[in-house]
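A.B. asks: Below are the structure tokens for one structure; questions will follow.
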Amino acid sequence: MPTLTMAQALNAALRDALTADKNVVVFGEDVGTLGGVFRVTDTLARDFGDDRCFDTPLAESGIIGFAIGMAMAGFKPVVEMQFDAFAYPAFEQIVSHVAKIRNRTKGALSVPMVIRIPFAGGIGGVEHHCDSSEGYYAHTPGLKVVAPSTVEDAYTLLRRAINDPDPVIFLEPKRLYFTRADVDLSIGSPIGQAAVRRTGSDATLIAYGPSVAVALEAAEAEGDGHALEVIDLRSIVPFDDQTVMKSVRKTGRCIVIQEAQGFAGVGAEIAARVQERCFHHLQAPVLRVSGFDIPYPAPKLERLNLPGVDRVLDTVDRLQWNDTVDTRWAVTA
């Protein structure tokens, strides 16, 4: 198995998809000659020609509108939004058209396309370069939303996304682009299947994308003897209820970790699903660890906003071990 960075694994997935299917096209801002800001599309234009991998104007709405037309005509566009918050000008196209064309045409038309979005923080970026925008897309019926946390999943999930008949929002954790691992270049587990990254018996940590590494580090660092199980969602939509609920029913306690702000986020949906489906198995309320409900802070302050290992372990301590009650939200008369 080759040893690759996540950026290289994504490049390999794009290269293999371009080779396997002549209808796959890759385009976006600076993805051609430059090879992308993070070099994910490096050498693709050289090797496949500028009709298969090409640069576009700095116009995200136009990029997605163009991709919609190409997908309706039988192509499989893979477009890059360059940075998470840069995608907002294209949001109307995504919500009003990408997500709805199959339903609007009663299945007569589909738009099999992948919208690649480097997302989340941890790189010292400024505002509009470090948003965790998954909640917007997960809330939109008609879109699939995935977020790899490992180098191998970056390859696997991107190949799966390109082959999917429906539009996929592909969220790439920027801070993980240059992590390195051995990669099995095969189309492994499908979209919609979570992975148990670490087994445990006392509490379940649920995470996705960049937060999986935080969950694993916290599980390794847990010093009070609690065996923590770590679930990597891999796919936010569709959601793997079976794997998640099986784990929580076993452990009886659950913490959801996300880098995005907490209010009305993906973590809130996960907490609600767990509470509804596992109520009689729970020994403590489902808790969340998230970013704060603020605009993304300046680079020197981002470490205070990002949910790290210490915050996760503090939350583990609040899981009502020994029948202790968390009084943080107690209402006084």
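The values are calculated or read from the model by the stated rules, or taken from the named source; none is laboratory data. No experiment lies behind these values; they were computed from the predicted model shown. Don't worry about glycine lacking a Cβ; one is built from the backbone with ideal geometry, like all the others, and counts go over all protein chains shown. For accessibility, only protein heavy atoms count, side chains too; no ligands or nucleic acids. Shrake-Rupley method; radii C 1.70, N 1.55, O 1.52, S 1.80 Å.
A.B. asks: Being of a type in the set (Asp, Glu), in contact with a strand residue (DSSP E or B) (Cβ under 7 Å, 6 or more places away or on another chain) and under 30 Å from ALA298 (Cβ atoms) is true for just one of GLU134, GLU92, GLU152. Which residue is that?
C.D. replies: From the options GLU134, GLU92, GLU152, the qualifying one is GLU134.
A.B. asks: Give the residue that is nearest to GLY192 (Cα to Cα), with candidates limited to residues of the stretch 130-146 that are in a loop (DSSP other than H, G, I, E, B) and touching a residue at least 60 places away in the same chain (Cβ under 8 Å).
C.D. replies: LEU143
A.B. asks: Just one of (1) on the phi > 0 side of the Ramachandran plot; (2) under 20 Å from the mean Cα position of the chain (by Cα); (3) surrounded by 15 or more Cβ atoms within 10 Å (Cβ to Cβ) trips up GLN320, so point out which.
C.D. replies: The one condition GLN320 does not meet is (2).
A.B. asks: Among residues belonging to the stretch 157-191 that are β-branched (Val, Ile, Thr) and in contact (Cβ under 8 Å) with a residue 40 or more places away in the chain, point out the one that is nearest to THR5 (Cα to Cα).
C.D. replies: The selected residue is THR179.
A.B. asks: What number goes with the only condition from (1) in a helix (DSSP H, G or I); (2) open to solvent by 40 Å² or more (accessible area, probe 1.4 Å); (3) more than 17 Å from VAL145 (Cα to Cα); (4) in contact with a Ser or Thr (Cβ under 9 Å, 6 or more places away or on another chain) that TYR88 does not pass?
C.D. replies: (3)
A.B. asks: From the residues in the stretch 261-271 that are open to solvent by less than 40 Å² (accessible area, probe 1.4 Å) and aliphatic (A, V, I, L, M), which one is farthest from ALA138 (Cα to Cα)?
C.D. replies: Filtering the stretch 261-271 for residues that are open to solvent by less than 40 Å² (accessible area, probe 1.4 Å) and aliphatic (A, V, I, L, M), the one farthest from ALA138 (Cα to Cα) comes out as ALA271.
A.B. asks: Taking into account only those residues within the stretch 1-50 that are among the hydroxyl-bearing types (Ser, Thr, Tyr) and farther than 21 Å from ILE68 by Cβ, which is surrounded by the most Cβ atoms within 10 Å (Cβ to Cβ)?
C.D. replies: THR5
A.B. asks: Going through the stretch 63-74 one residue at a time, which ones are touching a residue at least 40 places away in the same chain (Cβ under 8 Å) and farther than 9 Å from VAL111 by Cα?
C.D. replies: The one that is touching a residue at least 40 places away in the same chain (Cβ under 8 Å) and farther than 9 Å from VAL111 by Cα: ILE64.
A.B. asks: Quick one: which strands (runs of 3 or more DSSP E) sit completely within the stretch 147-260 and have at least 2 residues that are farther than 30 Å from ASP21 by Cα, open to solvent by 20 Å² or more (accessible area, probe 1.4 Å) and out of contact with any Phe, Trp or Tyr (no Cβ under 8 Å at 6 or more places or on another chain)?
C.D. replies: Numbers: elements: 168-173, 180-182, 195-198, 203-207, 228-232, 235-237.
Correct list: 195-198.
A.B. asks: Taking into account only those residues within the stretch 95-125 that are surrounded by 24 or more Cβ atoms within 10 Å (Cβ to Cβ) and not β-branched (Val, Ile, Thr), which is nearest to LEU143 (Cα to Cα)?
C.D. replies: Within the stretch 95-125, the match that is nearest to LEU143 (Cα to Cα) is MET113.
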